[in-house]
């Protein structure tokens, strides 16, 4: 029995870029473009109709920007959240962090090669977060000042010392293989630690783990 293709909704207000994304995605046998649009409001409405597995979302758009659209599609309290992959340009989009906090499962730069885009869609569709380590380092370095510690003073963090160590390395943008090398443990052990951390902290993915670590003052 053939597996159902991953349905993708493409949202970008630049027609040339949107057409390129649609062409790249539709060329893959296991991917299917469920729809396309040029603003966040239409993306939210269209998602309710076409039920995509992943929304590829621009940030700067008319009517409703990608941040608010992401919050409506994947934010806290959404009954049936949709996975959102933000495609952005650092020099233009100064609110990438806000998009991730709004519920996005990951991000890519617009100049990423097609194979990285396709990998990102597949990764997000499987329920994992797309955090390219090098891009994460850039993001954290540029936007860390905006991530303020949570109000109300220090709160107890229900993690073991080793789990805290892994969480700090995640927040530094290290991949599983890099964490394994740094701690001299196997990648499978790292995956187990990551799973425990997300479960204990009730976080959806590594993106939320990075935000959590900064908000709790575990990294600076």
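The values are calculated or read from the model by the stated rules, or taken from the named source; none is laboratory data. These numbers were taken from a predicted model, which means no experiment stands behind them. Quick reminder, even Gly has a Cβ in these numbers, built from the backbone with ideal geometry, and neighbours come from all protein chains shown.
Summary table
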| item | result |
| --- | --- |
| Residue 31 being surrounded by 19 or more Cβ atoms within 10 Å (Cβ to Cβ) and farther than 26 Å from residue 98 by Cα | yes |
| Test: residue in the stretch 187-195 that is surrounded by 15 or more Cβ atoms within 10 Å (Cβ to Cβ), farther than 22 Å from residue 216 by Cα and at pLDDT 90 or above | yes |
| Test for residue 68: is it modelled with pLDDT under 85 and more than 18 Å from residue 127 (Cβ to Cβ) | no |
